[in-house]
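The values are calculated or read from the model by the stated rules, or taken from the named source; none is laboratory data. Every value quoted in this text rests on a predicted model; they were computed, and no experiment measured them. Methodologically, a virtual Cβ is constructed for each residue, glycine included, from the backbone with ideal geometry; neighbour enumeration extends over all protein chains shown. Surface areas here come from the heavy atoms of the whole protein model, side chains and all, with no ligands, DNA or RNA. Shrake-Rupley method; radii C 1.70, N 1.55, O 1.52, S 1.80 Å.
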Amino acid sequence: MHKEEEEARPPPTLLERIEQGDPTLKELAGFGGYSCHRIAAALRKNEAITSFKLSNCQLGHDSDDGCIYLMQALIARRASLKRISLARNFIGFHGAAALAKFIRATQTDPLIYHSLIRLDLLQNCFGDDGATAIADAIADGTKQDKSQTIAEIGFERNRIGNEGLSRISNMLHQNNTLHTLRLGKNAITHEGVVKSLAPALQNNTALRVLDLSGNRHVGDLGAAAIADALSLNQTLETLILTNCSITEKGALRFLRTLYNCTSPLAVLEESNHTLRELLLCQNPVISTSLIGHTTSLRDVTIWNQHGVASARIYKLNCFLTSSHGPRYVHSTGLTIKLIPKLVHKIWRMDKSTDVVYSYIRGMPQILEV
């Protein structure tokens, strides 16, 4: 009889699973037809959920009440939380301020201390004020304790302008864990890039991915500022500048940054050696002659990992065969046609140009595969 009753019993609802602390429920991906208030009340006693993927849940309606209730519940539950995705909820300033309060709680409450890793806020509407509240909360936590854990933030489509960018850039000055920052399709212009973002990039040693796509007023001036910053930044690996109104003038600044072969010192100290992917598609047409014999700058104007590497190799070949370089080449007896193969193999072994010179001077046997 008991077995038959158990078989006839319907499966628990989402609300029941939350209230009972179902250990198999690790991610909350919607409200299952319940109101945000009922879910938030149930969450206060739940310690199992570690990820919130709440896109299109109308948390921004009624002056952000849904987002505010949710953040209050997350603070009250005092349990580890690794990811928050609140994309497409049209959350305004009040919701962003509630989120900032939760971020500050993760920096002070020992039970949820520095547990948040990923924050996705795509397509909300909190603007400069909301971005400022969130960025300042993260920056203040970093000042208090260097073990900040937030590694990825998505701020795309949030009406963020130069004022918000200034506070985000200040966060980059302070933060040492953020490796991905997405700022696509906001209202950022070249003034904000020049005044705040580029100086932050010069000193930042954590960021690996930066997305500024769709900010149509970045232009050549913004591109030039970022390119100059990359001469000092040796950690950024992916830079996305699609649809940013960049022309050949701005792209040329990136080429010089990728490989400045004006002198041996410039090659070693004024070139960027870490950028692996540079996306410049959907900008005004940039000719393929811009970077000589590279293979990946075509009609769509994409510099991918292979293209950036090709640009560096081509420029290094030019340098080795220039007035600065022949003594290194001829000292090994290598013919000019073997140089690309030589350089490519060295580059795969060690990205340092002084190692390239060392090999070329005395180790021609590395050509052997």
Residue set G164, G250; condition of a type outside the set (A, V, I, L, M), surrounded by 24 or more Cβ atoms within 10 Å (Cβ to Cβ) and under 18 Å from the mean Cα position of the chain (by Cα); output residue G164
Failed item in (1) of a type outside the set (A, V, I, L, M, F, W, C); (2) closer than 23 Å to M171 by Cα; (3) touching a strand residue (DSSP E or B) at 6+ places or on another chain (Cβ under 9 Å), with Q107 passing the rest: (3)
Which residue pairs have Cβ atoms under 7 Å apart, sit 6 or more places apart or on different chains, and have a first residue in the stretch 27-44 that is within 16 Å of L86 (Cβ to Cβ) and a second that is open to solvent by less than 20 Å² (accessible area, probe 1.4 Å) and among the small types (G, A, S)? E27/S51; C36/G66; A40/A73; L43/A73
Scanning the stretch 98-116 residue by residue, the ones that are open to solvent by 50 Å² or more (accessible area, probe 1.4 Å), touching a residue at least 24 places away in the same chain (Cβ under 8 Å) and assigned to a loop (DSSP other than H, G, I, E, B) total 1
Quickly run through the stretch 6-26 and pick out the residues that are open to solvent by 70 Å² or more (accessible area, probe 1.4 Å) and either farther than 19 Å from L70 by Cα or touching a residue at least 40 places away in the same chain (Cβ under 8 Å) (or both). E6, E7, A8, R9, P10, P11, P12, P23, T24
With the condition kept exactly as written, say whether any residue in the stretch 124-144 is basic (K, R) and at pLDDT below 95. yes
Condition check: touching a residue at least 12 places away in the same chain (Cβ under 8 Å), of a type in the set (V, I, T), assigned to a helix (DSSP H, G or I) and farther than 30 Å from R256 by Cβ. Does I168 satisfy that? no
State the number of residues belonging to the stretch 53-81 that are charged (D, E, K, R) and loosely packed, with under 15 Cβ neighbours inside 10 Å. 2
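Quick check on the stretch 223-238. Is at least one of its residues open to solvent by less than 10 Å² (accessible area, probe 1.4 Å), part of a helix (DSSP H, G or I) and in contact with a His (Cβ under 9 Å, 6 or more places away or on another chain)?
Yes, the stretch 223-238 contains at least one residue that is open to solvent by less than 10 Å² (accessible area, probe 1.4 Å), part of a helix (DSSP H, G or I) and in contact with a His (Cβ under 9 Å, 6 or more places away or on another chain).
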Whether any residue in the stretch 198-214 is closer than 15 Å to N243 by Cβ, in contact (Cβ under 8 Å) with a residue 60 or more places away in the chain, open to solvent by 10 Å² or more (accessible area, probe 1.4 Å) and not aliphatic (A, V, I, L, M) is what I want to check. yes
With criteria (1) assigned to a helix (DSSP H, G or I); (2) open to solvent by less than 40 Å² (accessible area, probe 1.4 Å); (3) not basic (K, R), L119 comes up short on (1)
Search the stretch 145-161 for residues being within 17 Å of the chain's Cα centre (by Cα), among the polar types (S, T, N, Q) and more than 16 Å from L86 (Cα to Cα), and hand back the single one that is modelled with the lowest pLDDT. Q148
Here are the criteria: (1) crowded, with 19+ Cβ neighbours inside 10 Å; (2) of a type in the set (S, T, N, Q); (3) within 25 Å of the chain's Cα centre (by Cα); (4) closer than 23 Å to L15 by Cα. Tell me which single one T50 does not satisfy. (1)
Checked against (1) closer than 21 Å to G214 by Cβ; (2) open to solvent by less than 10 Å² (accessible area, probe 1.4 Å), G95 satisfies every condition except (1)
Could you tell me whether the stretch 265-283 includes any residue that is under 17 Å from H190 (Cβ atoms) and at pLDDT below 90? yes
